[in-house]
Every structure is written in structure tokens, then in C-alpha cells.
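Nothing in this text is a laboratory measurement; each read-out follows from the coordinates by a stated rule. These figures come from a predicted structure and were not determined experimentally. Here Cβ is always computed from backbone atoms with ideal geometry, including for glycine, and neighbour counts include all displayed protein chains.
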Amino acid sequence: MSSNRTRAWLLPVVAGVVILSPFAYSVGRFAWASIFSTPRPFLQVAADPSRRCVRDPAWMRQNHRVFLQELRDKTVREGIRNEVTLRSCSQCHKDKAQFCDKCHSSVNLHPDCFECHSYSTTVHPVVLPEGAP
Amino acid sequence: MSCSRRTFLAGMSAIACAGSLPRLCAQSAENPRRLALVIDLARCRQARTGCDLCRQACHSAHNVPSIPDRAHEIKWIWDEEFKRVFPEEVRPGLPPEVAASSVPVLCNHCDNPPCVRVCPTGATFVQPNGIVAMDEHRCIGCRYCMSACPYGSRSFNYVDPRPFLRATNADYPTRAKGVVEKCTFCEERLASGKRPACVEACPVQAMTFGDIRDPAIQARLASTRILRRRPELGTSPYVFYIL
């Protein structure tokens, strides 16, 4: 009698664990990754030591999405083109797998920039805009 | 002090006029460029026996694929038979070399572009210099613009175009399956002070490109008989042909 009652209690719990395990795994992996192994973009040291990013690297780490969207709108919608382009990032950050994909795939993000644009390392030199921080 | 309705209205309209004056002055002072292309068909016929250097230059500069299936092909500039480009000009007495010739056709960068009017997302828009530009980031592939364009100047990527590229120009993006693309008057080349790829590639200088007020353009437009494609539609094309 008592063993029957125990089993009746066990079944929904086991079923619940089985059903929720994929969610738990995905949330747990994300939590683990964000707490213990926050990936940092890997920067290959540029040949020219005076070269610096078009914005403060810490700001870029947080806001490159906004930066790139504004750059895109300026270029495509307003026709304002200067030497800073999506491709010119690859001048310093030569390895896309380390620089873009490492963080994006750890948070399961798949931006499609480079489906059309090319991430090639041979581009014109970057000229900093006036008043860049 | 009394203020009649009439004086009040007059006063208010004077203030409104004064407010809009600086904007009006700025507009007329700027006199924005209006880009135009003139194609001299007589010169083009001289070079023609299979010359398609303009198409080659354009398509290799902009990563336009060569898809053999005609249902899927992508075209920015291409050759069309005279009688299909200017059907209203076909009449008895037309010189046979003209009637048999083919004409390079591309986006007309109309003043009143129907493609822009129908685009539901604003992906295609008119730049201040008159270029009918295309923002593939916003294109949802509805193809309304293709239905609206009376010149067939727009192509849809029914298939992934990249396998059909012989070589890729890394300076210009490729396109994805599901977006519409078209001639952009080489706006990326204009930004760096170059002429459009087709104009540069023409071996007989049949094409003249520039602001509509440029003396070179004006000289060409004044000299001979000018044709525009389907002017009766009211789109006001800015690609002019000299018969």
C-alpha cells in the first residue's frame, strides 16, 4: 500500500524532470557560461602599435551592435561614407572566429552580417574620424 | 487695443512665412545635384558586335551572379532589342541598323519612381541626388517593386546567388536569397570620386554621367534627338538615349 503511494508520487516527478531537462540544460549552460567563463574578444596585436579602436574598447564591447547599426544607416540611408566600415574591423581583429563568433555562439546569437559582407583582412587603412574618443 | 480677425490672421501668416524663409533660401542655395546618364546609341552601335563591357564591368564590380536559368537571372545592366526598349519608335523608314540594334538598359532612376511608392518597408528610397537606392537590409522580398517597375530593372534572388559568382569583389557585399537588387548608379564609387563602372568601361565613351546641369550633359542633351523610355507613364526617367 505504502509502496504504491510512493510510486504514484514518483511518476509525475520523473516525468517532470524528463520533460524539463532540456530547458534546465539550456538555462544552466547559459548561467554557467555567463558566471564562470565570460568570453572576451580575442584581439590580435596590430603591427602598428599606435593603432587604436574607433571607440573605447569597453564601450565597443557593450555597444558595437548600436555602433554598427548607426554606421549602416549612415552609409546606406544617408550616403555618408568614410573610411570606417564593417570590413575595416578586420584590420586589427583578423580572426573572425575568435573576435565575433566566440561570444555570439556562447550566447546563441547568429548575426548574419557576414553572409553578404566579406570579413577579409585586406582593406584600406582605417582613418579615425575627427573627434573620436 | 482692438485686433480684428483680419489683422490677427494676417499677422499669423506673416510669422509663418518668416519662419519658413530660411528653409526655402537654403533649398534654393544648395541646388542639389540631380544625377543623370546619357547613352549615345550611335556611338554604342559603332562598338557593338557583341560588346558587353559595360555589363561585365558592372556585374563584376557588384557581385552580380550569372545564373543560366533565365527565370532566376539577376540583371543590373543588360542588352535589350531596340524594338522592345522603344516600341513607339518602331515605324517604317527607321534605319535598319537602328531597328536591328540592341540597347543597353538599366534602372532609370526616375524622378517619380513607382517602385519607391509601393515598397512597404522603405527598403527602396530616393537619395537627395536622385539615385533610387536599395537597402537590402530592409527588403522583405515581397517583389511589389518588381511589379511596379515598368522597365524590369529589378531582379529577385530566387536562389542563393553566391554559387553563381565567378569571382567575388570583397569591397562590395553579395546578396542573400530573398532580396531584390538593382543598379545603384554606383553610389559607392561616386563616394570615392569615381565614375560609374559602366561609364568607365565603355570603349567608345558612349555614356556620359553627371549632374543634369553639367555642361557635358547639357551639350549632349541639346545636340540630337533624345529618347526616354516610356515617358508617357510619367515616371520621368533620368537615363537619356540619343537615337
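The local environment of A:ARG81, defined by Cβ-Cβ distances under 11 Å, has a net charge of -2 under the rule Lys, Arg +1 and Asp, Glu -1. As a ratio to 2.2 N^0.38 Å, the alpha-carbon radius of gyration for chain B is 1.23.
Using only the Cα atoms of the protein assembly as shown, build the gyration tensor, take square roots of its eigenvalues as a ≥ b ≥ c, and label the shape rounded, prolate or oblate: rounded if a/c is under 1.5, else prolate if a/b is larger than b/c, else oblate. List each step's numbers first, then the result.
Numbers: a/c = 1.94, a/b = 1.57, b/c = 1.24.
Since a/c reaches 1.5 and a/b is larger than b/c, the shape of the protein assembly as shown is classed as prolate.
Annotated for the protein assembly as shown: lysine pairs at least 8 residues apart or interchain, Cα distance under 30 Å, count 20.
For the peptide A:75-87, the mean number of other protein chain Cβ atoms found within 10 angstrom of a residue's Cβ is 3. In terms of other Cβ atoms within 10 Å, A:SER105, B:SER153, B:SER101 run from fewest to most in the order A:SER105, B:SER101, B:SER153.
For region B:113-208, rounded, prolate or oblate, judged on the Cα gyration tensor with a ≥ b ≥ c (square roots of eigenvalues), a/c < 1.5 rounded, else prolate if a/b > b/c?
Values: a/c = 1.77, a/b = 1.25, b/c = 1.41.
Cα axes put region B:113-208 in the oblate bin.
Here the calculated FRET efficiency for A:ASP101 and B:CYS142, from their Cβ-Cβ distance with R0 = 25 Å, stands at 0.20, rounded to the nearest 0.05.
Here the sum of -39500 (n - 2.57) over DSSP H runs of 4 or more residues, divided by the residues of chain B, equals -8500 deg cm²/dmol at 222 nm, to the nearest 500.
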